[in-house]
1. Over the chain, with every protein chain in place, what whole percent of the accessible area is carbon and sulfur at 1.4 Å, could you tell me?
2. Over 5 Å intervals from 0, what percent of Cα-Cα pairs in the stretch 1-128 sits in each interval?
3. Past 19 Å, Cα to Cα, is the threshold; run LYS194/LYS360; LYS418/LYS662; LYS2/LYS111; LYS253/LYS337 against it and keep the listed order.
4. Just want to confirm a number: the relative contact order over the stretch 743-815, from Cα pairs under 8 angstrom separated by 6+ residues, in percent.
5. What distance in nm separates the two pseudo spin-label positions at ASP330 and VAL33, each 7 Å out from Cα along the beta-carbon direction?
6. Using 0.36 nm per residue, how much length does the chain from ILE818 to HIS708 gain when fully extended, once their Cα-Cα distance is taken away?
7. Quick check: the angle from helix 565-585's long axis to the longest principal axis of the chain, C-alpha only, nearest 10 degrees?
8. Cα to Cα, under 24 Å, and not fewer than 8 places away if on the same chain: which lysines meet these conditions relative to LYS333?
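The values are calculated or read from the model by the stated rules, or taken from the named source; none is laboratory data. This structure is a prediction, so every number in the text was calculated from the model and none was measured. Cβ atoms come from the backbone with ideal geometry, glycine included; neighbour counts cover every protein chain shown. The protein model used for the area step is the full one, side chains on, heavy atoms only, and it has no ligands, DNA or RNA in it. Shrake-Rupley method; radii C 1.70, N 1.55, O 1.52, S 1.80 Å.
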Amino acid sequence: MKRELISQHLQHALLFRDATPAELDSFSAVARVQTVVEGQYVYQQGDASEVFFVIATGEAELVLGRSDGRARVVGRISPGGHFGETGILTGKPRSLSVRALSDMEVICFDKRYFRTAFLANSRIHQLLDAALAERLRVAFIDQADGVGEESPAEEASGADDVILFKDKFASAIQLRRLAKRKDEDLRTSKTAKKTQSVIDQFAGNSAPFMLTGEAGTGKSIIARQIHLESSRSGGQYREVDLREFEQGWLEKKLFGLEQNGFPFVQAGQTGFFEQTSGGTIVFTHVHLMHKEMQEKLIAIVEGNSYSHIDGGRPLVMQSRIAFVSNFSIDHLKSTGKLLPELLALFETQHFDVPPLRNHKEDLPRLVSHYLGRYNKEYGKNILNMSSETLGIFLNYDWPGNLTELSSVIRRAVMLAEKDEIVPEQILLGLPKTEGKWEYNILRIDWIRKFLASRIFPRVPQVIIGCVFVLTVLFLFFGPTRAESNLGLTLGWYIGWPLLFFSFFFLARTWCSVCSFAVPGTLLQNIVKPTRKTPEFIKTYSGWIMAALCILVFWVEIIWDAYNNPYLTGGIVLIITLGSILFSVLFSRRSWCRYLCPLGAVNAIFAMPAVVELRSNRHVCLNRCQSHACFTGDADVSGCPMFRHPYLVDNNKDCIMCAKCIKNCGNSSIQLNLRLAPQELWALESPRRADSFLIVSMGAIFFPFALQHEFAQLVSWMVLVIGRTGLILPESVVGSILFFLWLLIFQVGYYCMVVVQSRYAKIDKNLLLPLFGYGCIPLILGGYMAIHLDAFVRGAGRLVPNLQEALGYHFSYDNIRLISEDSTFVLQFLTVVGGLLASLYATYRVIERAMAGDTVTSKSLVIPFTFQIILAGLFSFII
C-alpha cells in the first residue's frame, strides 16, 4: 500500500481525524501494512503486546477466551477503528484475541513509536483516553446487563447436566451400590437412547432446531449438549429468556447498534447475534415472541444475514438458532402463537422431550448423577440409596420432572448423616413460592404459646367431642319430630353452618378438632399400625373423595336427612367407622387425607381462607437437620397428613393441627393472615378431580338450597311418569334428576372451557383443572350465604330443644336470631364478596394459562360472564 493511500486511511480513522497533513505524512512514513485473510487471527489472547493496529479495510471481531476453553465474541471493529493499545499501555500480554471477519488490511505501528509519537500528541492522547474511559463504562454496563455472559438458565442447570442422557455417566458398580438391584434392572431406557440419538442428529448440522416439553424435563440441558457436541462448541452458547425482554429492548439486544471507530464502544453495542457468532443462541418461552420479531427471524434464517438496528449494512448470520418451549408444537400452531412459516423452519428438527414419569427406568442413573453433584457441593460421600427409598421414587410421578428430582436429592443429601439415603429424608414435591401480603400471627406471643401448648387441639377436641356425643345420642334416642330433636339442631343448624363459616376464617382447623377422627386416633395409639396407605388410594384419592362427597349429599338431599334423625345418625356413624377402620389399618390419618367426604369439602373450601400455615423454606434448607415437624419426636408425632410444611403450597393438605409448630425448634413455621390466596391460581399441580368436585358442589347448591322446591319437582315428575303406566319411587326419580343436574353442570363447564381455550388461544388441558379453582370463592360464598340463613332460622331451636328434653315449658315461636331483611343483606354481601374474589382469582388463572401473553378484556369475557350469571342465580335463590 502506498504512503499516500495509508495517509488517506488514517485520515478516516477517528483517532486521527484532527491530525494535520504533515502529521499524517510522518505517521505513514513509519507505518507498515499487514494483510489478514478471513478467519485468521491478527493476534491471540496471551501474545506479547508489541504492535498497535488501525483497520484500513475489512472487519475484525474481538474474541475473549475463557478458562474452560470456550470463547465468546465481545465486539466488532469496522474500518477506521483501532485496537492493541491496552496491552502496550499496561505492559501486559494481550487480554483478548482479534480475528478477521473478512479479508482485511491493517496499518501497524510498533509500541515504541506508539509511545513516542501518539502519546506525545495531546489530541491523540486525549482521544485514546476517551476510548479507554468508554471501554470502562461499557464494561460496567455489560456486567450489569449480562452482556457477553452465559445465561443464568444455563448456569442454574449445572455444567455436569450435559451428560444426563449419555450412557457413560454412571458405572455399573455405582449403580449396583446405589440401588442394590440386579444388572438387568439398570438398563438404559429407550427414551434415553432416543434422546441421545436426537442430540447426535441435531449436533451433526447447523440448521435451527426446536425442543418442546413440560417444565423441568431438561430441554435447556439437551440444547446445551447439542451445542457442545456440534462443530460450534468453541462458540458461545446463550439462552435468551423472552420473559425478561420488552420488544424494543429485545431487538436492540439481538441486533446491536451500528458500530463507530472506538472498538470498546462497539463491544457494548454488539448484539447477541454477534456475540454468539460461531455458537448457538437459544430462545426460551418462545410463545411470548412478538409477530414482528418472528417475521425478522424468518427473514434472517432464509437470507442468512441481518443488520444492526440503526444501520443497513448486511451482516452474515453466523449463529445457530434454537427454540425451547413448555408448550407442544401443536398448541403453538393451533393458538397462532408462532407463525406457520416460522414453525416450518423446525419441521425436520423438532423433538418433544418426554416427562420423567415416562422413563422411570432412568431414575437410578439420574439419582446417581445428582448424588455425585451434591456430594461434591456439600462435602459428603453418600453412595447408597435404600431399596425402599428407590421404590418411593419409582412410585412417584414427578410432576416437576428433573427440576423436582434435583431438589429432592439436594434436600436428602443435606439431611443425610450416613452414607445412605433413607425414606425419612425424602421430601417429595417442589417448595412453595414466596407469598406477598401476609402477616405471620405467630409473632403474637400469646397465639404462639397457645398453639405450641398441649391445650391445642386437646381442649377444643374435648369440648367438641362432648357436643358430638350429645348429638349422636339425641339422633338415635331423642324425639323423632325433626323440630324437637336436639341432635338435628346441633348437627344441621349449628355445627354444619359453623363448619362452612370456619372454611373461610380458619381453613381446615375443623379437621384438627373433628370428633369423627377421635375414636380412630385413640385406637391407633393402642394398635400403632405401620402399614402405608395403598398407592391406588393415593393415586385416585381426589376422585374417590369427590365420589364419596357427592354420595353423602345425594343421600342427604334425596332422603331428606335434615329432617330425619336416624338417617343423619347413620351418616355420622358410617363416616366415623371409616375413620376407625383406616386408623387401625394404616399409619397417621389416611382417612382424613385420602378418603373422608367431609375432608374433601373442607379441603376445597379452605383454599381461599384468610389464613395459611407455611414454613420459611430458607430456614428449613439451611438450619434444620431433624425435620421433626414431619417425622415427629418422642413427645409429639409427625404431620398426620403426610406433608412437610416446606412443601405445603395450599390449604388442602394442612389441617392446622399445630404439631409442626410444637416440633419445630427453628421457628420456621408461619401462620399467616393473607389477603390474596395465591394457591387458587399458582397451585403447582392442579388436579382435574378437584375441578370436578368444585363444579359438582356448584351444581349441588341448587337442590340443596331449594330442598322444598326440589321435593315438589320430584313429586310432580313421579305423577307425570305414573300417567304413562310406569311406577317409580320418588327416591329413584329424585336420584335421576340429581345426577342429571350434575351431568348438565359438568358438560356445561367443559364446553365453557373448550370455547374459552379456543377463543383466547389457551391450553385446554391446563385450563380445565385450573379454572375450577377460580370458582371456589364464589361457590363458597353461596354455601356460606345459604347456611347463614339456616343458622339464623334454626340455631334458636337450641333453647326450646333443651327445655323440651328436660320437661320444661317450651315454645318454638320467634326463635329467629335476626330479621329476614338483615339476613338477606348479609347473604347478598357474602355472595358479592365471593364473586369479586372469584373474578380476581379467575383473572390470575387466565393470566397463568396465557403464559405471559397480555390478558385482554376479550380473554375474560366468557369466564367472567359464567361467574356473574352463577352469582346472579345464587342471589336470586337466597
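1. On the way: 23030 of 38960 Å².
C and S fraction of accessible area: 59 percent.
2. 2, 11, 21, 24, 20, 13, 6, 2, 1, 0
3. On the way: LYS194/LYS360 14 Å; LYS418/LYS662 27 Å; LYS2/LYS111 22 Å; LYS253/LYS337 22 Å.
Going by Cα-Cα distance, LYS418/LYS662; LYS2/LYS111; LYS253/LYS337 fall outside the 19 Å limit.
4. Details: 22 pairs, mean separation 12.3, N = 73.
17 percent.
5. It works out to 6.4 nm between the two label points.
6. On the way: separation 110, 0.36 × 110 = 39.60 nm, distance 2.24 nm.
Length gained between ILE818 and HIS708: 37.4 nm.
7. The helix 565-585 is inclined about 50 degrees to the chain.
8. List returned: LYS219, LYS291, LYS296, LYS761, LYS764, LYS858.
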